[in-house]
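The values are calculated or read from the model by the stated rules, or taken from the named source; none is laboratory data. Remember, it's a predicted structure, so these values are computed and weren't measured experimentally. All Cβ positions, even for glycine, are placed from backbone atoms using ideal geometry, and neighbour counts span all protein chains on display.
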Amino acid sequence: MRSTQKVRALVAAPSAELESFVSAVRQSGVAVEKLENQGMVVLETEGGAHAELVLRLYAAWQRGERDWLAKLPKQEPEESFSWRELARCSGVLLIALMAIVLYPLLGELGRGEVNALAMSLLIVDVSQGFEVSLSRLAHDQDFWRWLTPAFVHFSWVHVLFNCAALFEFGRRIEISSGTGVLIMLIILIAVLANLVQVAFGVSPLFGGLSGVVYGLVGYVMVRRWLDPLNPHWQMHPAVAGSMLLFLVLFSTGATGVDGVDIAHAAHWGGLIAGALLGLMGGVRRTIPR
């Protein structure tokens, strides 16, 4: 599996010499991306080995050495994520496995049939009524229910899409910050997203990891802004962009899942909660000159 994660190779002041170097390197077959940050030019490559190569070539370029231009072989992108690294994503895999294993045990919840297991996981005990409000949650004091709707899904498409998105964004956090941080984020985001849905929703029949996923999207986007040179936060803009596009489309109310309304408030609540938690992670790093 190939990755498009970028690694910083060089930070330098803009100049005609630097422009000529970038052009020469690209023509020689090495993929270099040029960015601007705070008046400086940042060169990024696909993988740490390529970053080291570009740094050495720029030093040679400044010394006036050009003989490497004709001899430089074309480089293949470095694989920065492999199946061997799945061991570093145990938290993501555990959460996804829980959701997948639970789904077939919930019965026909997507058709409105609530069995005993589903009843124990929904935001309120629907056997005592379908009223859902923050005051009822405070009165019932079934605090586990504030979290467990995240593991209630309504179709295989629902659960598998959520697990795939959870892996894409969650693994970045877990590899960068550890399993403990990831699990704590998932718990906090799930609770906050569920409470927002209760505050704005009308039915207790909602659930899924979507609110958590959007929280992780918000967290990663903010961490990317705070620490733009950390390779764990790098991704193609279309990845997060498509998630946000789906969020806006779903929020129009024109879509649903097997007759069950999508928990739009939980999605937005998760996104905002994740972004705020990301901001709590530190101050913005500047690129050294």
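Assorted remarks:
- Qualifying positions in region 159-192 - modelled with pLDDT of 95 or more and over 19 Å from Leu97 (Cα atoms): Leu188, Val191, Leu192
- Exclusive hit being free of Cβ contacts under 8 Å to residues at least 24 places away in the same chain and either touching a strand residue (DSSP E or B) at 6+ places or on another chain (Cβ under 8 Å) or under 24 Å from Ile100 (Cα atoms) (or both), set Phe143, Phe154: Phe143
- Positions within region 94-149 being more than 18 Å from Ile262 (Cβ to Cβ) and of a type in the set (Ser, Thr, Tyr), in sequence order: Ser120, Ser127, Ser133, Ser135, Thr148
- Look at region 239-252: where a residue is over 16 Å from Ala266 (Cβ atoms) and assigned by TED's automatic domain parsing to the domain that holds Gly201, no partner that is at pLDDT below 85 and part of a helix (DSSP H, G or I) sits 6+ places away or on another chain with Cβ atoms under 8 Å.
- Region 24-47, subset surrounded by 12 or more Cβ atoms within 10 Å (Cβ to Cβ) and free of Cβ contacts under 8 Å to residues at least 24 places away in the same chain, residue farthest from Gln234 (Cα to Cα): Arg26
- First in region 204-233 and buried (at least 20 other Cβ atoms within 10 Å of the Cβ), second anywhere and of a type in the set (D, E, K, R), Cβ under 6 Å, 6 or more apart: Val220/Arg172; Trp233/Arg223; Trp233/Arg224
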